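No lab work stands behind these numbers, since they all come straight from the coordinates. Since we're looking at a predicted model, the values are computed, not measured. Quick reminder, even Gly has a Cβ in these numbers, built from the backbone with ideal geometry, and neighbours come from all protein chains shown.
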Amino acid sequence: MLSDKERNRQLRQIKKDNLRRYRQFGRKQGRKIAPEEYEVQMRDPDNLVEIDDLQTHFFTDIGTVRAVDGVTFDIPRGRTIGVVGESGCGKSVTSLSIMRLLQEPQGQITGGQVRFSLRDGKAIDLTKAPLKMMQHIRGNEISMIFQEPMTTLNPVFTVGSQIDEVSRLHSGRMKKADIRKRSVELLRLVGIANAERVYRMYPHELSGGMRQRVVIAMALACDPQLIIADEPTTALDVTIQAQILDLMRSLKDRINSSIMLITHDLGVVAEMADYVVVMYAGRIIEQGTTMDIFKNPLHPYTVGLMKSRPNMIEEGEKLYSIPGNVPNPIDLPDHCYFRNRCARCIAKCSDPYPPLIPISDTHKVACWLYEEERR
Ligand SMILES: Nc1ncnc2c1ncn2[C@@H]1O[C@H](COP(=O)(O)OP(=O)(O)OP(=O)(O)O)[C@@H](O)[C@H]1O
Ligand code: SF4
Ligand SMILES: [Mg+2]
């Protein structure tokens, strides 16, 4: 246990180190970036995104939060990836890192690459691309649907003008009347029956479900290659959630975009995703095809998540919840982060953090129970 004096000394040191980092970061941001620094080659041309050992940290006054700590996965073209895990495991920070929308200067990408294949055939590392290029990518190649529609919608403009604006930025040469026609069509596509009328309405005049449909229409307006949906239904009530999910499912088959779907809800992932990434305390602990994860979950944490699905219990049975809590992200142990909650712990679990062990071509798990497979 540290004395108050020693703890205060440590806190002062953390602040000093952070200030130095923020200055370094400011200098890096201010300089011109040459194309050689961010132009890259994709490992596989069928992938739209290749996230490679991504590290995103928050340098806070009480220490460094390793929010994303060495995450690697691909998003193939036209496919849906489900990212699941408990609150605070780094799902949103992964998506904000892709978009470069982290809260700066505390939040910084400290390592790794996010390779993205642009429409023009070039590939770039999003973690190093100049900010101007990122702004173009956000409006033209990647769009994001947040949990709460009002974080995207501006309350002082009609929904129609907001969808028009996205189309206008995306395809500068379109005539005003054509842009409007397209916005109304998009509203119809997302299941809004009286689209002409809704086009002229303000966000506050719509229900939560309608607003989220408008946000999805806006996300589609730039015809994105990638849609990131971060808990798109969590803020909605249960019946509306089901309707929005139906909508997303039907859109998935009608558009060519890849989708990164972040959710707590494994049921949603089972229905929508082609591949699943399970995160725990900033790392991937298991990944595979949806079939791999649902038919053969291996990591004790994934097994716990499966057991805690509400539809897995019989009538009168108590809902299972994984005992214990996620470890403090500022002070992560050297061994497996799940050890203090794991009922299947073996002696090996006190060793350094387990690597991702390949079980098949598609299925990987970070758990010492599968060390045999590694050999
Ligand atoms: N701006 C920030 N400053 C400091 N720490 C942050 C910041 N944003 C996120 N974090 C930390 O990063 C970690 C990952 O957070 P993240 O928001 O990605 O979790 P999540 O998996 O999306 O959780 P949820 O399911 O609750 O949305 C958490 O420990 C969180 O406290
Ligand atoms: S490595 Fe050990 S502690 Fe970690 S999940 Fe596997 S069995 Fe449990
Ligand atoms: Mg989140």
Please work out which one of (1) within 12 Å of ligand 2 (Cβ to nearest atom); (2) touching a residue at least 60 places away in the same chain (Cβ under 8 Å); (3) not basic (Lys, Arg) is the condition residue 284 fails and give its number. (1)
Report whether or not residue 143 is among the polar types (S, T, N, Q), more than 16 Å from ligand 2 (Cβ to nearest atom) and farther than 26 Å from residue 195 by Cβ. no
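Go through the stretch 107-155 and give me each residue that's of a type in the set (Lys, Arg) and over 24 Å from residue 67 (Cβ atoms). It would help to see each step written out before you state the result.
Looking only at the stretch 107-155, we keep the residues that are of a type in the set (Lys, Arg), and these are 115, 119, 122, 128, 132, 138.
Listed by number, the residues that qualify are 119, 122, 132.
Can you tell me which of 97, 161 is polar (S, T, N, Q) and either touching a residue at least 24 places away in the same chain (Cβ under 8 Å) or in a loop (DSSP other than H, G, I, E, B) (or both)? Spell out the reasoning first.
Working: 161 fails: either touching a residue at least 24 places away in the same chain (Cβ under 8 Å) or in a loop (DSSP other than H, G, I, E, B) (or both).
Only one candidate qualifies: 97.
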Can you tell me which condition residue 120 does not meet? The list is (1) farther than 19 Å from residue 365 by Cα; (2) in contact with a strand residue (DSSP E or B) (Cβ under 7 Å, 6 or more places away or on another chain), and all the others hold. (2)
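Name the residues in the stretch 253-273 that are closer than 30 Å to residue 334 by Cβ and buried (at least 22 other Cβ atoms within 10 Å of the Cβ), would you? Walk me through how you get there before you give the answer.
Start the filter on the stretch 253-273 by keeping residues that are closer than 30 Å to residue 334 by Cβ, which leaves 262, 264, 266.
Listed by number, the residues that qualify are 262, 266.
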Please tell me if residue 338 is among the aromatic types (Phe, Trp, Tyr), in contact with a helix residue (DSSP H, G or I) (Cβ under 6 Å, 6 or more places away or on another chain) and near ligand 2 (Cβ under 10 Å from one of its atoms). yes
Out of all the residues in the stretch 119-151, which are surrounded by 19 or more Cβ atoms within 10 Å (Cβ to Cβ) and closer than 17 Å to residue 29 by Cα? 126, 127, 129
On the given criteria, is residue 177 in a helix (DSSP H, G or I), small (Gly, Ala, Ser) and under 24 Å from residue 141 (Cβ atoms)? no
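Would you confirm, using the coordinates I've provided, whether residue 227 is in a loop (DSSP other than H, G, I, E, B), surrounded by 15 or more Cβ atoms within 10 Å (Cβ to Cβ) and out of contact with any His (no Cβ under 7 Å at 6 or more places or on another chain)? Walk me through how you get there before you give the answer.
Numbers: in a loop (DSSP other than H, G, I, E, B): no; surrounded by 15 or more Cβ atoms within 10 Å (Cβ to Cβ): yes; out of contact with any His (no Cβ under 7 Å at 6 or more places or on another chain): yes.
It is false that residue 227 is in a loop (DSSP other than H, G, I, E, B), surrounded by 15 or more Cβ atoms within 10 Å (Cβ to Cβ) and out of contact with any His (no Cβ under 7 Å at 6 or more places or on another chain).
Go through the stretch 183-211 residue by residue and tally those that are of a type in the set (A, V, I, L, M) and not in a helix (DSSP H, G or I).
Taking the stretch 183-211 and keeping what is of a type in the set (A, V, I, L, M), we get 184, 186-187, 189-190, 192-193, 195, 198, 201, 206, 210.
This time we only want the ones that are not in a helix (DSSP H, G or I), so: 190, 192-193, 201, 206.
Number satisfying all stated conditions: 5.
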So, first residue within 14 Å of residue 215 (Cα to Cα) and in contact (Cβ under 8 Å) with a residue 12 or more places away in the chain in the stretch 226-247, second residue surrounded by fewer than 18 Cβ atoms within 10 Å (Cβ to Cβ) and among the charged types (D, E, K, R), Cβ within less than 7 Å, six or more apart or across chains; the pairs are 235/148
Of the residues 351, 334, which is among the charged types (D, E, K, R), touching a His at 6+ places or on another chain (Cβ under 7 Å) and closer than 20 Å to residue 66 by Cβ? 351
Given the structure, is residue 261 more than 16 Å from ligand 3 (Cβ to nearest atom) and either within 30 Å of residue 85 (Cβ to Cβ) or of a type in the set (A, V, I, L, M, F, W, C) (or both)? no
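On the basis of being crowded, with 21+ Cβ neighbours inside 10 Å, under 22 Å from residue 229 (Cα atoms), away from ligand 2 (no atom under 16 Å from the Cβ) and in contact (Cβ under 8 Å) with a residue 24 or more places away in the chain, does residue 87 make the cut?
Details: crowded, with 21+ Cβ neighbours inside 10 Å: no; under 22 Å from residue 229 (Cα atoms): yes; away from ligand 2 (no atom under 16 Å from the Cβ): yes; in contact (Cβ under 8 Å) with a residue 24 or more places away in the chain: yes.
So residue 87 fails the test.
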